[in-house]
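These notes are about the structure you will find just below.
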Amino acid sequence: MKDKLNLYKAFIKLNTTMGLRSSLSEKGVRKILIENFADHPDSEELMKLVKEDTPDREEDLNFLFNECIRICDELGPSREYFTLVTLFEHITEDFIEKKGTKEAILFQNILEQFRQEIALINQKIPKPPLFNMLLEGRSLVEWTSIYAIYPFIPKRIKGEGRPVLLIPPYLGDDYSTSFVRRYLTSLGFKTYKWEQGFNLVKSHYIPRLEEKLDDIYRTHGEKVNIVGWSGGGIFAKIMANRHPQQVEQIITIGSPVWGVMDMKTPVSGILEFFRGKSLKERNKRFIEELEPIPNVPITCIYTKTDGLLPWKHCMEAESFRDDIKNIEVYGSHSGLGANVSVLLITANALSANIKGKTISDTTTNIERILYPFYWNKKKRSLFFLN
């Protein structure tokens, strides 16, 4: 939290100086900043920083800009910068609107440079380390053991017939989501399959998926919950961006939900073989639809021991809204569909978001029993290789 506050201090200093350069009064600048921070999940702390800041219109904008970028670079790649860029856009617009176009070109240039610098920082996310790749062999144990563990998984949540559409991972079909569907069905949710065979993550699946979403929406007369694992989460997010009026919420499980075009993965060769083209030749418009954050509740389940995808790409910007949450589990990427923690968290998130409650990371301590070494030694760097 201290690092985060230092970043926002530098960010506030930069924006305050820009506002003063536009001939706004100190009071006027603070009012704009406070209005823009009002909906931030950490608004109370940010309001204090705004009030404590000692503005000086003579401060060097280049120095303040570089200081802000330096802190971001030291903190490393993060989806949380999406919030920072969005705030910068809104604050800049307010400055220009209040004082005309005198400083508009300067401010827009600073904003564009800020976007570019953040984009460069976020391109530095490395592919999963070799150790995590080797750990993917655990998936065989995870898929085998779930048959013995499943009968003992708690079933306290009531689904009340709420519709849930489940989308399988890349190269997976509806069998991949069988345990998640089975568990949610046992809780009383009405689950629906993908029914498009193996998921190759291509844009031509979207029309049929939109038809299915519309059919489920009309059948139930209520919004649909979408759960997507890995590549399935890509479609979940696109559906939520395109049809927020039909989507109740989305839950992604080990899904790359941003920065996919620059994502580094050890299985890129396999992906290109099955797609018949380079990853850089993917449908650009399709990929770009992933970048905006949909206006529905979002829960991103991820594992830092993912051996196929960089886990930072599987997290959304929690600082953007209160109804966005990232929850960590322990396990392999390939075994997430048979991971007890995933089943519990998915059900918990579905129920909590539907009822407008705060999501708990887990519903019970069962995963701490199943994975005692991990949870007891969570701070060991061995499992946090970036």
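The values are calculated or read from the model by the stated rules, or taken from the named source; none is laboratory data. Not measured: the values here are computed from a predicted model. Here Cβ is always computed from backbone atoms with ideal geometry, including for glycine, and neighbour counts include all displayed protein chains. Accessible surface areas use protein heavy atoms only, side chains included; no ligands, DNA or RNA. Shrake-Rupley method; radii C 1.70, N 1.55, O 1.52, S 1.80 Å.
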Practice item. Measure of size requested: the Rg and Dmax of the range 136-264, with Cα atoms as the atom set and Å as the unit; please supply both. Key: 15.0, 43
Revision key, fill the gap. To the nearest 0.05, the calculated FRET efficiency linking residue 93 and residue 124 through their beta-carbon distance, R0 being 22 Å, is 0.15
**Study point:** Per residue solvent-accessible surface (Å²) - the range 115-155, probe of 1.4 Å
**Key:** 60
Revision key, fill the gap. Longest principal axis of the chain (C-alpha) makes with the long axis of helix 104-122 (C-alpha) an angle, in degrees to the nearest 10, of 40
Revision key, fill the gap. In degrees, nearest 10, the alpha-carbon axis of helix 2-21 is tilted away from the dominant principal axis of the alpha carbons of the chain by 40
Review point. In nanometres, what is the gap between the two model label sites at residue 52 and residue 215, each 7 Å from Cα along Cα-to-Cβ?
Key: 5.7
Exercise for review: Average the reciprocal distances over every distinct pair of alpha-carbons in the chain, invert the result, and give the Kirkwood radius in Å.
Suggested key: 22.3
Point to revise | Extension gain from residue 155 to residue 34, taking 0.36 nm per residue of separation minus the Cα-Cα distance | key: 39.2 nm
Review point. For residue 73 and residue 25, what does the FRET efficiency come to when R0 = 30 Å and r is the distance between their Cβ atoms, rounded to the nearest 0.05?
Key: 0.35
Exercise for review: Mind computing the radius of gyration and Dmax over the alpha-carbon atoms of the range 1-101? Å is fine for both.
Suggested key: 12.8, 37
Review point. According to a simple spin-label model (label point 7 Å from Cα along Cα-to-Cβ), what is the distance in nm between residue 60 and residue 285?
Key: 4.7
Review point. Which angle between 0 and 90 degrees, to the nearest 10, do you get for helix 43-52 versus the longest principal axis of the chain when only C-alpha atoms count?
Key: 20
Revision key, fill the gap. So, with points 7 Å from each Cα along the Cβ direction, the residue 134-residue 202 label distance in nm works out to 3.7
Point to revise | Where the Cα pairs of the range 141-194 fall when distances are cut into 5 Å bins, in % | key: 4, 19, 25, 22, 20, 8, 1
Revision key, fill the gap. Net charge near residue 243 (other residues with Cβ under 9 Å of its Cβ; Lys, Arg +1; Asp, Glu -1) is -1
Check your understanding: Can you give the extra length, in nm with one decimal, that the chain gains between residue 186 and residue 144 once fully stretched, where that is 0.36 nm per residue apart less the Cα-Cα distance?
Key -> 13.1 nm
